[in-house]
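The values are calculated or read from the model by the stated rules, or taken from the named source; none is laboratory data. Since this is a predicted model, take the numbers as computed values, not measurements. Here the Cβ positions follow ideal geometry from the backbone for every residue, glycine too, while neighbour counts run over all protein chains shown. Remember, those area values only see protein heavy atoms, side chains included, never the ligands or the DNA or RNA. Shrake-Rupley method; radii C 1.70, N 1.55, O 1.52, S 1.80 Å.
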Amino acid sequence: MLASAPKDHRLLPPAQAMAGAWLTIDRGVLADNYRHLDALSGDAECAAVIKADGYGLGAEQIAPTLYEAGAKTFFVAHLVEGIRLRPVVPEARIFVLHGFMPGCAKLLHEHNLIPALNDVAQVREWAALGADHGQALPCAVQVDSGMSRFGLSAEDIAEEGLFDGVAPCLVMSHLACADTPENPANAAQRQNFLAMAEYFPGVPRSLAASSGIFLGPDYHFELVRPGAALYGVAPNDDTPSLGQVARLMARITQIRTVPAGGRIGYGLTWEAQRPTRVATLGIGYADGFFRAQAGSAAVWYGEQRLPLLGRVSMDSISVDLTNAPVDLEPGDVVTVLGAQQSVDALAASGKTIGYEILTSLGARFYRVYL
Ligand SMILES: *Cc1c(COP(=O)(O)O)cnc(C)c1O
């Protein structure tokens, strides 16, 4: 349906007819990706990381799909994300990776969320709240196995009695280099993690995010935490992505022929060497199409690559229509993300990663959830 616009644009719903770009989120592909990662993870529980609004795809729209596909545990980064997600998947376990800001343990608990405790102060505040309730409350304990970002240090966890007032149900850490499987830092972090997890006998362990799953069973432990791979980002350079969940179509807002010597866009950086048919598309850096894409990116019409010309504006880009059919007209659509261009491919042309592309997808798109 979205491969090309009907020529009679009056057939579209008004919100779609007026939009400059359409983002389609295929929840069938998402469910398939989840089941694939779950199978790959063997006996480990496969959770779903759905922070940053489900990597830009809409946490509230996609969480129920993941839940039905089998994900019973979710991770968000911020407390506010957990509060929003709570009513959407009422039966699920939701961990908040950042724990909580000082003084906010009570709020987190009121929303039936579980913090990842990252430092001694968080452990103490969670224990004090438990004391108020007359029972130790469930938590994840995040330990720093080498990334120096989140988590308690080896010295912290060795403190006598620190965890007496809390009830760890997960001990977790995060790998810094899992997308480079040959990197010795992976095995080193795993060794550190194993040693630190010994302080929590019998508590389920979790080390692997998406890329970590592909390091093999030694990294799976009792729970894995994929995010990006669920949404179609490749786990490493040598492993193809799972299905592409997001398809992005930009619409032509105007077509012109720029004469030889004519220039395009801010700074007039691109000059036509010959008369060139050019389309202005309704997508720009305010929509997550980065300025850094200038000079290398392209969009597609079917099998035809349409290179970007000149700079990226806030609300538009210009592309070369030389290879496109002559009957294209305003309202027609070209592919930004889809079968012809994966999220990683677009990222590479902008010198970034698929994660940044997804999480920057704009709020102005007309969204279709399949
Ligand atoms: C973001 C995050 C994940 C998910 O990472 P992906 O690479 O997207 O799979 C898992 N664990 C932690 C602690 C994270 O911050």
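Find the residue count for the stretch 292-308, including only residues that are open to solvent by less than 10 Å² (accessible area, probe 1.4 Å), closer than 16 Å to A324 by Cβ and of a type outside the set (G, A, S). Residues that pass the stated criteria total 2.
Of all the criteria given as (1) crowded, with 23+ Cβ neighbours inside 10 Å; (2) outside any loop (DSSP other than H, G, I, E, B), the one not satisfied by A234 is (2). Total residues in the stretch 213-231 satisfying the condition of being open to solvent by 10 Å² or more (accessible area, probe 1.4 Å) and hydrophobic (A, V, I, L, M, F, W, C): the figure is 3.
Reported count of residues in the stretch 155-197, each being within 23 Å of A127 (Cα to Cα) and open to solvent by less than 50 Å² (accessible area, probe 1.4 Å), is 16. Scan the stretch 166-185 and give yes if some residue there is modelled with pLDDT of 95 or more, in a helix (DSSP H, G or I) and in the same structural domain as F75 (by TED's automatic domain parsing), otherwise no. Within the stretch 166-185 (the criterion being modelled with pLDDT of 95 or more, in a helix (DSSP H, G or I) and in the same structural domain as F75 (by TED's automatic domain parsing)), the answer is yes, since at least one residue qualifies.
Across the stretch 240-250, which residue is farthest from L175 (Cα to Cα) among those that are of a type outside the set (A, V, I, L, M) and surrounded by 14 or more Cβ atoms within 10 Å (Cβ to Cβ)? Looking at the filtered set, the residue picked out is R247. Could you list all residues from the stretch 188-220 that are more than 20 Å from L40 (Cβ to Cβ), in a helix (DSSP H, G or I) and among the small types (G, A, S)? Of everything in the stretch 188-220, those that are more than 20 Å from L40 (Cβ to Cβ), in a helix (DSSP H, G or I) and among the small types (G, A, S) turn out to be A188, A195, A197. If only residues of the stretch 251-291 that are among the small types (G, A, S) and surrounded by fewer than 14 Cβ atoms within 10 Å (Cβ to Cβ) are counted, the one that is nearest to D327 (Cα to Cα) is A260.
Of the strands (runs of 3 or more DSSP E) lying entirely inside the stretch 278-349, those containing at least 3 residues that are under 23 Å from A229 (Cα atoms) are 333-337.
A single entry from R263, R274, R225 fulfils the requirement of being modelled with pLDDT of 95 or more, out of contact with any Cys (no Cβ under 8 Å at 6 or more places or on another chain) and either within 17 Å of V333 (Cβ to Cβ) or within 16 Å of the ligand (Cβ to nearest atom) (or both): R225.
Annotation: of all residues in the stretch 161-188 being touching a Gly at 6+ places or on another chain (Cβ under 7 Å) and not hydrophobic (A, V, I, L, M, F, W, C), the one that is nearest to the ligand (Cβ to nearest atom) is S173. Yes or no: G130 part of a loop (DSSP other than H, G, I, E, B) and either in contact (Cβ under 8 Å) with a residue 60 or more places away in the chain or open to solvent by less than 50 Å² (accessible area, probe 1.4 Å) (or both)? No, not satisfied. The condition (being within 11 Å of the ligand (Cβ to nearest atom), open to solvent by less than 10 Å² (accessible area, probe 1.4 Å), among the small types (G, A, S) and modelled with pLDDT of 95 or more) is satisfied by just one residue among A140, A209: A140.
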